[in-house]
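Remarks on the structure that follows.
Read the figures in this text as sums done on the coordinates, not as results from a lab. What you are looking at is a predicted structure, and each value in this text was computed from that prediction instead of being measured. As a convention, Cβ positions derive from the backbone with ideal geometry for all residues, glycine included, and neighbour counts pool all protein chains shown.
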Amino acid sequence: MPLPRERPAVTPPVPGAPHSFREAAGPDFNTSDVTAGPSACDERLAKIATAVPMPRLIGPGACGGGDVVRLDAILLGEDKRVTLKPAPYLRCPMAEQLALWVRDDAAPRAATLGAALSAVETYDDFSCRGRNRQTGGKLSEHGKANAVDVRGLTLADGRFIALTDVHASKELRTSLRDSACARFTTVLGPGSDSYHEEHIHLDLLERRNGYRICQWAVNEPAPPKPTVVSVSAEAVPLPPPRPSNLDNRPHRTRGL
């Protein structure tokens, strides 16, 4: 009997891997957004910051986005610049607002401490994950390159100002909070939840009716606990001795 023909070798697909650019880009992807030239946002950003355009971020799932840049530094003029450590990967509109906040809000306020702003310490930027790193949760704005977490500011004299440090200038932290809440649609810090006690989350999430969230409690140091003085038994004064003639006093007899 003739043997059956050999089946053609087929490379099994990798589970979860996209089969085409269209699958990876998703149904909402607009091919007209793909261009070799800089966007209007890129051109504005180039005037106030040093940024490197990145290829479109695709997947996994709904993560990613277009017009993403790596934001390296913010230009302050007169050859002065503020570096971002590490440099975050952000959508250009988010990078532009972060650069404006650092240039127009954070840098002038930091200068009131007696030294120029040298660097901004970031904590997280593009990361394909659910909100608060919860598996199966709603996609975080970090997954869209639309959010950045900021730890603090480094001054030219080496001082580091953590934005959540209760011992740092309350006036400075309050002013930075107010300016951030005016510029970003979401600001989360201490007091919002347990996930933002050590850093400040900033994003540009668009909500219905222009709703914004500003939850950053500018905390102060806890009041000192009252001092408890331990007293030894030897230090407690004894009562004065009873007079010796008390037992010789005449006793009254109550009438029956």
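Mind ordering 158-167, 184-193 by average Cβ neighbours within 10 Å, highest first?
On the way: 158-167: 15.3, 184-193: 19.8.
Most protected by this proxy first, the peptides run 184-193, 158-167.
Contour minus end-to-end for Glu220 and Ile58, with contour as 0.36 nm per residue of separation and end-to-end as the Cα-Cα distance?
Working: separation 162, 0.36 × 162 = 58.32 nm, distance 4.27 nm.
Working it through step by step, the gained length comes to 54.1 nm.
Long-range amide H contacts for Met54: which residues qualify at under 5 Å (H placed 1.01 Å from N, peptide plane, sequence gap of 5 or more or a different chain)?
Counting only residues 5 or more places away or on other chains, the set is Val68, Val69, Arg70.
With θ set to phi - 60° and the Karplus curve 6.51 cos²θ - 1.76 cosθ + 1.60, what are the ³J(HN,Hα) couplings of region 98-109 in order, to the nearest whole Hz, using x for Gly and Pro?
5, 5, 5, 5, 5, 5, 8, 10, 6, 4, x, 6
First measure r as the distance between the Cβ atoms of Asp178 and Ala46, then evaluate 1/(1 + (r/R0)^6) with R0 = 45 Å and state the FRET efficiency to the nearest 0.05. Before the final figure, lay out the partial values.
Numbers: r = 29 Å, r/R0 = 0.64.
That gives a FRET efficiency of 0.95.
What distance in nm lies between label points placed 7 Å from Cα along the C-beta direction at Ile213 and Thr112?
Once both label points are built, they end up 2.8 nm from each other.
Give the peptides 59-66, 90-97, 170-177 in descending order of average Cβ contacts within 10 Å, highest first.
On the way: 59-66: 15.8, 90-97: 23.6, 170-177: 17.5.
Packing order, densest peptide first, comes out as 90-97, 170-177, 59-66.
In nm, give the distance between the simple-model label positions of Asp79 and Arg159, each being 7 Å from the Cα along the Cα-to-Cβ direction.
It works out to 2.6 nm between the two label points.
Calculate one ³J(HN,Hα) per residue across region 191-199 by plugging θ = phi - 60° into the Karplus curve 6.51 cos²θ - 1.76 cosθ + 1.60, and present them in order as whole Hz with x for glycine and proline.
x, 7, 6, 6, 7, 10, 7, 10, 7
What are the residues whose amide H is under 5 Å from the amide H of Tyr123, where those residues sit 5 or more places off or on another chain and H is modelled from the backbone?
Residues meeting the criterion, in which the H sits 1.01 Å from N, are Asp149, Val150, Arg151.
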